1. Yes or no: region B:38-49 includes at least one residue that is more than 13 Å from chain A (Cβ to nearest Cβ), within 24 Å of residue B:237 (Cβ to Cβ), small (Gly, Ala, Ser) and part of a loop (DSSP other than H, G, I, E, B).
2. Search region B:113-137 for residues being surrounded by fewer than 21 Cβ atoms within 10 Å (Cβ to Cβ) and aliphatic (A, V, I, L, M), and hand back the single one that is nearest to residue B:90 (Cα to Cα).
3. Could you check how many residues of region B:60-118 are touching a Pro at 6+ places or on another chain (Cβ under 8 Å), of a type in the set (D, E, K, R) and in a loop (DSSP other than H, G, I, E, B)?
4. Residue check: is residue A:157 within 26 Å of residue A:207 (Cβ to Cβ) and either out of contact with any Phe, Trp or Tyr (no Cβ under 7 Å at 6 or more places or on another chain) or of a type in the set (Ser, Thr, Tyr) (or both)?
5. Which one of these does residue A:76 not meet: (1) outside any helix (DSSP H, G or I); (2) more than 9 Å from chain B (Cβ to nearest Cβ)?
6. Within the set of pairs 6+ apart or on separate chains, which have a first residue in region A:8-20 that is at the interface with chain B (Cβ under 7 Å from one of its Cβ atoms), a second that is crowded, with 24+ Cβ neighbours inside 10 Å and β-branched (Val, Ile, Thr), and C-beta atoms under 7 Å apart?
7. It is to be established whether one or more residues within region B:91-109 are within 14 Å of chain A (Cβ to nearest Cβ), of a type outside the set (Ser, Thr, Tyr) and buried (at least 22 other Cβ atoms within 10 Å of the Cβ).
8. Looking for something at pLDDT below 95, more than 25 Å from residue A:141 (Cα to Cα) and either more than 12 Å from chain B (Cβ to nearest Cβ) or surrounded by 24 or more Cβ atoms within 10 Å (Cβ to Cβ) (or both) - is there at least one such residue anywhere in region A:39-48?
Amino acid sequence: MENPTMLASGIMGETGGSLLAMAKGGAGALVTKSIGSVPRQGHKNPTLVELEFGYMNAMGLPNPGIEAFGEEMYEASKAGIPIVGSVFGSSAEEFASLARKMQGYGAEALELNLSCPHAKGYGMEMGVDPDVVAGIIKEVKAAVVIPVFAKLTPNTHKLIEVAKAAEDAGADAIVAINTLKAMKIDVDARMPVLSNRYGGLSGPAVRGVGVRCVYELFEALKIPVIGVGGVEDWRSALEYIMAGAVAVQIGSGVGRVGTQVFGDVCSGISAYMAENGFRDITQLVGVAHD
Amino acid sequence: MTERFMVTQTPVRIDSRTEETEGVVTLRFDWEAPASPGQFIMVWIPGVDEIPMSLSYLGDHKGITVKNVGEATKALTSLQVGDMMIVRGPYGRGYHVPKGKILVVGGGTGMASLLPAMERIPAVDVHTAIGARNEKELLFEERSKKTSSVVRVSTDDGSKGFHGNAVQLAKEMMSSAKYDLVLGCGPEKMLFFLHKLCQENGIPCQMSLERYMKCGGGLCGSCAMDGKRVCREGPVFSGNELKEMKEFGKQRRDECGGRLKL
């Protein structure tokens, strides 16, 4: 990676063309939309609530299915930067089969979605059980040679336990955090806004939780941590890096700031480093720890 | 684009309902949000669905014009005066209308998005071509006359005006007048050929497109065309942008993001 910013999964990652547009915005790597075995429509609208400090969404993992996604991966590869294939499944075998196909499409790493809070039978429902997570990672590691990242949920008191299980099972990195399970009720309609009722909160509203999780994971793990949650400028990116993240992912920031957010974050970090006498970003990773 | 978006759901109450043609209804409501011509809003009918709709009236007394084509639009067209719907937006980039002589081409319900743009241009500079399948489906002819010095209509079956489609009519109008800009909104097949016509004649154009849309807020990518978000970089694209878009007139995507031929 040429810079420490990555496009987070779920944002502009469903088509080759949209992934290319994010590369143009300056991202160092791109994580695809989470892809499953078969085409999936996701939840009915409303799927998004805009809030002052972020978003709440319940897309419900819409995706064209792994077979159709090959064409999108081919197009995205023209970006010339690493593509991380995100996949979701309901069993270790399904994860492994999707992983194999993503590797075949040219993904340079895999991100396992063990954390979506709004799709029944997937994501977070599996990702809060350390044994289930370990089983999935072992199966995937046996199936592919590219690095495997586990994207974890903060919606559990067992985050560290789950992350350690992932590390022991062979995960190459942890990605934290996914969205916080949340709800928005419209007082005029007197009902939840999201058609799925529950959704995931993202954006600056969750940054404090994300930074705390990364800080804890950095202390508990040997493998690298990638930080996600409310990064939308160089300061918020540096918060994660100082907490221990080797890279940051940006999702909501694409909507709130614009597609140029990646480039903006990078130039801000460079200026900070020059001003403070740092020559390599790794000098800053985890500096907030004693 | 560095502005911060803070667009929350707002309940609005319908204070007028007009049946424009069969199955096409205009709903008006008070809503002070600033909006420019060609922008759209997300309209939520609680318990049913939330869909993107172009604004057909701007100002404080806004409006949408809905054609009944599915579950959500059926629910919308069934709403009566006094009923509530919940809106967010406005979203997207609308028409940018410079000074000059303008040809407006609207097909189907396309005039709904175009009229707010026309109403900001002095009437003497606007010529309008409205296309419909037949006389009964002709939309906003009277309203167009207030903002255009020339209004011509085309019908596929010849029941009124020019016998043919709106692009054929536009071609005829271009042969007798010189236009600085063409604005278009309607079925994509029509826009594809209108764009081609504009390119051949060297006339700049702007066209409003439509894609299946989930979030509306520039995040999910469900409406992306060649990497451009119809909800953010669109829905209005310039002729030069359209020239670079391989999917324009050729391909759309289903709810899963799968590719479909247009």
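1. Residues of region B:38-49 that are more than 13 Å from chain A (Cβ to nearest Cβ), as a first pass: B:38-40.
Of the ones still in play, those that are also within 24 Å of residue B:237 (Cβ to Cβ) are B:38-40.
Now restrict to residues that are small (Gly, Ala, Ser): B:38.
Subsequent filtering for residues that are part of a loop (DSSP other than H, G, I, E, B) retains B:38.
Yes; the residues of region B:38-49 include at least one that is more than 13 Å from chain A (Cβ to nearest Cβ), within 24 Å of residue B:237 (Cβ to Cβ), small (Gly, Ala, Ser) and part of a loop (DSSP other than H, G, I, E, B).
2. B:123
3. Here the count works out to 0.
4. On the way: within 26 Å of residue A:207 (Cβ to Cβ): yes; either out of contact with any Phe, Trp or Tyr (no Cβ under 7 Å at 6 or more places or on another chain) or of a type in the set (Ser, Thr, Tyr) (or both): yes.
It is true that residue A:157 is within 26 Å of residue A:207 (Cβ to Cβ) and either out of contact with any Phe, Trp or Tyr (no Cβ under 7 Å at 6 or more places or on another chain) or of a type in the set (Ser, Thr, Tyr) (or both).
5. (1)
6. Hits for this filter: A:11/A:254; A:12/A:254; A:13/A:31; A:13/A:32.
7. At the first step, the residues of region B:91-109 found to be within 14 Å of chain A (Cβ to nearest Cβ) are B:91-93.
Now narrow it down to the ones that are of a type outside the set (Ser, Thr, Tyr): B:92-93.
This time we only want the ones that are buried (at least 22 other Cβ atoms within 10 Å of the Cβ), so: B:92.
Taking every residue of region B:91-109 in turn, at least one turns out to be within 14 Å of chain A (Cβ to nearest Cβ), of a type outside the set (Ser, Thr, Tyr) and buried (at least 22 other Cβ atoms within 10 Å of the Cβ).
8. For region A:39-48, residues at pLDDT below 95, more than 25 Å from residue A:141 (Cα to Cα) and either more than 12 Å from chain B (Cβ to nearest Cβ) or surrounded by 24 or more Cβ atoms within 10 Å (Cβ to Cβ) (or both): absent.
The values are calculated or read from the model by the stated rules, or taken from the named source; none is laboratory data. Keep in mind the model is a prediction, meaning the values are calculated, not measured. Counting neighbours? That spans all protein chains shown, and the Cβs are built from the backbone with ideal geometry, glycine included.
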